[in-house]
1. Magnitude of the Cβ-charge dipole of the chain, K/R +1 and D/E -1, about the Cα centre, nearest 20 debye?
2. Mind scanning K87/K109; K130/K195; K79/K130; K97/K140; K48/K91; K109/K169 and naming the pairs with a C-alpha gap bigger than 19 Å?
3. Quick one, which of (i) 88, 34, 31; (ii) 57, 37, 32; (iii) 92, 65, 31 is the actual Cα extents along the principal axes in Å calculated for this model?
4. Would you calculate a helix-derived [θ] at 222 nm for the chain, using -39,500 (n - 2.57) for each DSSP H run of n ≥ 4 and dividing by the full residue count, to the nearest 500?
5. How far, in degrees from 0 to 90, does helix 86-97 lean away from the longest principal axis of the Cα atoms of the chain, to the nearest 10?
Amino acid sequence: MKKLILLLSIGALFGVSGIIADNQHVDVYTVDVNNSTAEWFAAKFTGKHNGTVNISGGQIRNNHGQYSGSVEVDMNSIKNSDIKDEKMNAKLVNHLKSEDFFDAVKYPKATFVITSITPLKAIEEGATHKVEGNLTIKDKTNPISFDATIITQEGKITCVGSAVVDRSKFDVRYGSKSFFEDIGDKVIYDEFTLKFNIVATR
């Protein structure tokens, strides 16, 4: 009888160990910074600008369909694409990196941490999933969500979409009517759009 109990106990232990091992299997994908891209689009009362910023790192983890992870952006890599004059281009870029805007020397990284990725019931404008997470800029963290097209192939995940960010929530004050009500036609709108194509591989 004692032998039977011992054998059953050993069998149960191995069974539980097997379940734990299965649950701990997580596919980890590393963001391919050379093939991932991000573009920004911003506007003011008198015009608009656009440019790029580099994806500098990150991971996406797939735990049996439950996604988590993070993506980092190099704020010192901000570039402008629409101003052709080199001096004016550099003036805008340096201003964006300055304390007036993103203070890239003090806050060199922005980070997006994924909290959930949920399949959409119906594909909307090509999007397949709703992505939710926390965005940190200048040490200020706020939740954001957006739709994206996510494709998982063997050994690779691609995530394509766009997110609207309200800079005033991250204490980016320059030209913001949220902080300066009487700014008139010098206003720079709070919301900017970030379009991205993230590639991550195992």
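Bear in mind that the values in this text are calculations on the coordinates, not laboratory data. Treat the numbers as computed from the prediction; the structure is a model and nothing was measured. For neighbour counting, all protein chains shown are included, and Cβ atoms are generated from backbone atoms with ideal geometry for every residue, glycine included.
1. 520
2. Checking Cα-Cα distances, K87/K109; K79/K130 exceed 19 Å.
3. Identified label for the calculated read-out: (i).
4. Theoretical 222 nm ellipticity from helices: -5500 deg cm²/dmol.
5. 50
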